[in-house]
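**Q** Here's a structure for you.
The values are calculated or read from the model by the stated rules, or taken from the named source; none is laboratory data. Note that the coordinates shown come from a computational prediction; the quantities given were computed from them, not determined experimentally. Positions of Cβ are backbone-derived with ideal geometry, glycine not excepted, and every protein chain shown enters the neighbour counts.
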């Protein structure tokens with residue numbers, strides 16, 4: 001599908017802690033881009049992780065963004081209220097034969113990788129985010145899979161990357177606002193997890209579904225998600241979703257080069273606004289971390 005003709009951006013935080021300066025930077029980039037281009041800015045709450053996401057953190061998000069002077073249409077889409085949308089997408093991929101259950105624990109994967117390093121012809125492949133999952137469970141038969149599921153072994157649902165790419169007839173491209181047209185290379189991430197037994201979706205799956213359903217045209221997010229955009233372009237193709245444009249902004253870091261984190265209370269928007277600072281002073285503070 002083609003891109004939405006109207007410019008619509010979004011900020012989609014997870015209510016698992018207080019927002020920090022990096023979140024403020026990303027939210028403002030999205031808001032300003034939409035405003036400057038006569039578009040619309042949307043807020044979404046990514047709360048699929050029911051173990052870490054809290055109502056008080058969600059309220060703090062609203063308070064922080066209102067303090068920044070941002071406005072958004074209501075109601076706000078909360079992912080936890082739309083698991084049916086993600087289940088439908090999983091069903092589509094399963095019908096295409098593109099999913100398989102993975103029963104590996106982290107310990108299993110580490111052991112497999114350790115063993116493969118002793119055999120040069122089985123040496124694990126490296127991707128931009130580390131060692132690619134070696135496909136331990138991919139060759140299991142249907143009976144073996146059914147037996148493991150029936151026995152209650154925890155499992156995740158992975159996309160069979162090789163099968164998925166076999167369905168792509170022409171090269172896939174996506175547009176980066178800074179560097180132009182990009183040839184999608186999702187294979188570098190391997191067989192990505194799209195759902196788990198205790199979490200019926202994943203970031204990768206839910207975000208592409210939400211962006212499509214909300215007619216998002218431009219995704220402006222951190223440079224750490226650049227490689228995810230390659231994979232998201234593949235999911236858009238497989239599920240018949242809108243093609244988006246992307247921009248990957250620099251990450252805010254400390255003087256030591258560490259990325260800002262929610263656990264660092266000194267740079268949360270909440271602590272800054274409660275200190276009596278003004279929202280208009282935030283740009284100067286953000287520059288100190290760029």
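**Q** For the range 132-163, what are the residues that are in contact with a helix residue (DSSP H, G or I) (Cβ under 6 Å, 6 or more places away or on another chain) and outside any loop (DSSP other than H, G, I, E, B)?
**A** At the first step, the residues of the range 132-163 found to be in contact with a helix residue (DSSP H, G or I) (Cβ under 6 Å, 6 or more places away or on another chain) are 134, 136, 161.
Within the range 132-163, 161 is the sole residue that qualifies.
**Q** Moving to a separate point now. Here are some conditions: (1) at positive phi; (2) touching a helix residue (DSSP H, G or I) at 6+ places or on another chain (Cβ under 9 Å). Residue 257 meets all but one. Which one does it not meet?
**A** Exception for residue 257: condition (2).
**Q** Anything in the range 164-185 that is in contact with a helix residue (DSSP H, G or I) (Cβ under 8 Å, 6 or more places away or on another chain) and within 25 Å of residue 100 (Cα to Cα)? List them, or say none.
**A** Those that are in contact with a helix residue (DSSP H, G or I) (Cβ under 8 Å, 6 or more places away or on another chain) and within 25 Å of residue 100 (Cα to Cα): 164, 165, 167, 168, 172, 184, 185.
**Q** Given the options 40, 58, name the one that is surrounded by 15 or more Cβ atoms within 10 Å (Cβ to Cβ) and under 21 Å from residue 208 (Cα atoms).
**A** Working: 58 fails: under 21 Å from residue 208 (Cα atoms).
Only one candidate passes the filter, namely 40.
Matching residues to (1) modelled with pLDDT of 95 or more; (2) under 26 Å from residue 81 (Cα atoms):
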{"position": "171", "(1), (2)": "yes, no"}
{"position": "199", "(1), (2)": "no, yes"}
{"position": "207", "(1), (2)": "yes, yes"}
{"position": "213", "(1), (2)": "yes, yes"}
{"position": "218", "(1), (2)": "yes, yes"}
{"position": "236", "(1), (2)": "yes, yes"}
{"position": "242", "(1), (2)": "yes, yes"}
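**Q** Six or more apart or on different chains, Cβ atoms under 7 Å: show the pairs whose first residue is in the range 97-115 and within 30 Å of residue 167 (Cα to Cα) and whose second is modelled with pLDDT under 70.
**A** Close Cβ pairs satisfying both conditions: 113/124.
**Q** For residue 175, indicate whether it is part of a loop (DSSP other than H, G, I, E, B) and in contact with a strand residue (DSSP E or B) (Cβ under 6 Å, 6 or more places away or on another chain).
**A** no
**Q** Residue 188 fails exactly one of the following numbered conditions: (1) farther than 17 Å from residue 160 by Cβ; (2) touching a helix residue (DSSP H, G or I) at 6+ places or on another chain (Cβ under 9 Å). What is the number of that condition?
**A** Status for residue 188: all satisfied but (1).
**Q** So residue 84 clears everything in (1) more than 26 Å from residue 274 (Cβ to Cβ); (2) in contact with a strand residue (DSSP E or B) (Cβ under 9 Å, 6 or more places away or on another chain) except one condition, right? Which one?
**A** For residue 84, the exception is condition (2).
**Q** What is the residue count in the range 67-79 for residues that are out of contact with any helix residue (DSSP H, G or I) (no Cβ under 7 Å at 6 or more places or on another chain) and surrounded by 13 or more Cβ atoms within 10 Å (Cβ to Cβ)?
**A** The number of residues fulfilling the criteria is 3.
**Q** Please go through (1) crowded, with 17+ Cβ neighbours inside 10 Å; (2) at positive phi for residue 174 and return the number of the only condition it doesn't satisfy.
**A** The single condition residue 174 does not satisfy is (2).
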